[in-house]
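Structure first, commentary second.
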Amino acid sequence: MSRKLRVAVVGAGPAGVYAADILTKNEDVDATVDLIDRDPTPFGLIRYGVAPDHPRIKEIVKALKRVMANPDIRFFGNVAFGDDIKLEDLRQFYDAVVFATGARRDRELDIPGIDLDGSYGAADFVYWYDGHPDVARDWDFQPHAKEVAVLGVGNVGLDVSRILAKTAEELLVTEIPENVYEGLKKNATTDVHVFARRGPAQVKFTPMELRELSHSPNIDVIVHPEGFEFDEGSMEALKAAKSQKLVVDVLTKYLATEPSGAPHRIHIHFCQSPVEVLGEDGKVVGLRTEITELDGTGNVRGTGEFKDWPIQAVYRAIGYYSDVLAGLPFDAAAGVVPNDGGHAIDLDGSPIPGVYVTGWIKRGPVGLIGHTKSDAAQTIGMLVDDIDALEAPEHAEPEAFDRYLDSRGLEYTTWEGWEKLDAHELGLGEAHETERERVKVVPREDMVRIARA
Ligand SMILES: Cc1cc2nc3c(=O)[nH]c(=O)nc-3n(C[C@H](O)[C@H](O)[C@H](O)COP(=O)(O)OP(=O)(O)OC[C@H]3O[C@@H](n4cnc5c(N)ncnc54)[C@H](O)[C@@H]3O)c2cc1C
């Protein structure tokens, strides 16, 4: 090819940034990549998913910033695929399009009462405490909501439980925006009850995150003995995965530890399957669970015995779910764009020319940031193999895309714009009386104004 290959990556989360990095470093290809994101900022769930009290994980951004310093990679933020731009628009400017749009919603939980006041999705709460511009600034903490249920035993459930159980003062050292700090002061939670449908060998926590629960002086972790059982399937699971064994070791230690009298508690309950959120006057007043028992394979069956828990709020953390992308097929059961490991494929199984997927939109909302790298390598490998078959765009010069966005009146942000906003947020942190590393800016119009100044 006498010109550089032009590739659009839609979604500047870790999967998108790794895809851009791997493609531009490929020695057999001379490519430039434009990363397009609906957020005015890059880094996806690293900024708007990873909990604010996990600064070490957020440090991954440092490596991604080095990737973005490559002049062959550009960033266009505040541009939403589907609303601002469509696939046929992108085809005018790029040889190929890689979708790395991740997931941002809660998977639905179809039980009676789930829509009552005081019942929330974890993704909404996470977006709120991480300062995403598209959610309301206030969280609906009710003064009477002291006992709270968290449904789901993955790391997102742990994040939500920890943020609910920590005090606003403990979180003030983090990058939470001012409105979140003020909101958290109204959080009346004293007891968080985490419910697992199955037993200890089936939880999806990771050992480090589980251990970390006890690091706060304000929290006692209480593992309840009912349902703390292992069947043959559980023993096999523990033998098969060392990390699962470590998780069970931590749970066993919590089980044997006497509470210290800390003001807040996180309770973990096993073999309790939520069947109904109980309400009164439209508000959550309880949770009904069916007690389950392990069936020998590591799965559970209902016992027909029910238990009502007096709780005043429910957070469901049963998984994230991706948005449908305009003009592309969607596998609603898996919540992904159908693909064969990299190419997007149509409902009849045929590859969609020049369209690829990577990250959570490709393989569903599971796995850590690190996993998105190997995933991107696989997708980019497929794209590179297809180069000769890609259809050339009408406007292959990079400036054509900028001109197009300008002609549409879209107020996009750039990498230089992000650097300005980044410096601004770091400055707010430094100026803060408690010397915080960063204070996030939340309103979209403020982010865009600072980035485009
Ligand atoms: C609450 C939570 C906490 C987590 N904590 C950790 C942790 O501590 N450690 C860890 O390793 N992993 C953690 N993870 C997992 C990690 O966030 C994911 O593995 C990773 O972010 C997936 O990367 P991705 O690029 O596929 O998706 P995302 O990070 O979701 O990035 C997708 C990007 O696409 C953009 N986008 C979406 N739709 C459009 C559109 N229509 N047009 C343009 N752009 C669009 C989004 O704005 C976003 O920037 C956590 C996940 C969650 C949900």
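The values are calculated or read from the model by the stated rules, or taken from the named source; none is laboratory data. Here the structure is a predicted model, which means the values were calculated and not measured. Backbone-built Cβ (ideal geometry, glycine too); neighbour counts: all protein chains shown. Note: areas computed on protein heavy atoms with side chains; ligands, DNA, RNA excluded. Shrake-Rupley method; radii C 1.70, N 1.55, O 1.52, S 1.80 Å.
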Residue 10 being under 30 Å from residue 143 (Cβ atoms), within 24 Å of the chain's Cα centre (by Cα) and either of a type in the set (Ser, Thr, Tyr) or within 7 Å of the ligand (Cβ to nearest atom) (or both): no
Do you know which residues across region 332-362 are outside any loop (DSSP other than H, G, I, E, B) and either more than 22 Å from residue 121 (Cα to Cα) or among the hydroxyl-bearing types (Ser, Thr, Tyr) (or both)? 339, 343, 344, 345, 351, 352, 353, 354, 355, 356, 357, 362
Please state which of the following conditions residue 425 fails to meet, knowing it meets all the rest: (1) of a type in the set (Asp, Glu); (2) more than 25 Å from residue 326 (Cα to Cα); (3) in the same structural domain as residue 37 (by the TED database). (3)
Residue check for residue 46: within 7 Å of the ligand (Cβ to nearest atom), part of a helix (DSSP H, G or I), surrounded by fewer than 24 Cβ atoms within 10 Å (Cβ to Cβ) and in contact (Cβ under 8 Å) with a residue 12 or more places away in the chain: yes
Strands (runs of 3 or more DSSP E) wholly inside region 73-158 containing at least 2 residues that are modelled with pLDDT of 95 or more, over 30 Å from residue 1 (Cα atoms) and open to solvent by 10 Å² or more (accessible area, probe 1.4 Å): 119-121
For the subset of region 85-112 comprising residues that are more than 10 Å from the ligand (Cβ to nearest atom) and touching a Phe, Trp or Tyr at 6+ places or on another chain (Cβ under 6 Å), which member is farthest from residue 276 (Cα to Cα)? 93
Check whether at least one residue in region 162-181 is open to solvent by less than 10 Å² (accessible area, probe 1.4 Å), in the same structural domain as residue 144 (by the TED database), under 29 Å from residue 429 (Cα atoms) and not hydrophobic (A, V, I, L, M, F, W, C), and report yes or no. yes
If residue 56 meets every condition in (1) open to solvent by 70 Å² or more (accessible area, probe 1.4 Å); (2) assigned by the TED database to the domain that holds residue 36; (3) within 23 Å of residue 36 (Cα to Cα); (4) within 11 Å of the ligand (Cβ to nearest atom) apart from one, which number is that one? (3)
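Each row is one residue, and each column tells you yes or no for (1) over 30 Å from residue 201 (Cβ atoms); (2) among the aliphatic types (A, V, I, L, M); (3) open to solvent by 40 Å² or more (accessible area, probe 1.4 Å); (4) within 16 Å of the ligand (Cβ to nearest atom).
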| site | (1), (2), (3), (4) |
| --- | --- |
| 307 | no, no, yes, no |
| 328 | yes, yes, no, yes |
| 335 | no, no, no, yes |
| 368 | no, yes, yes, yes |
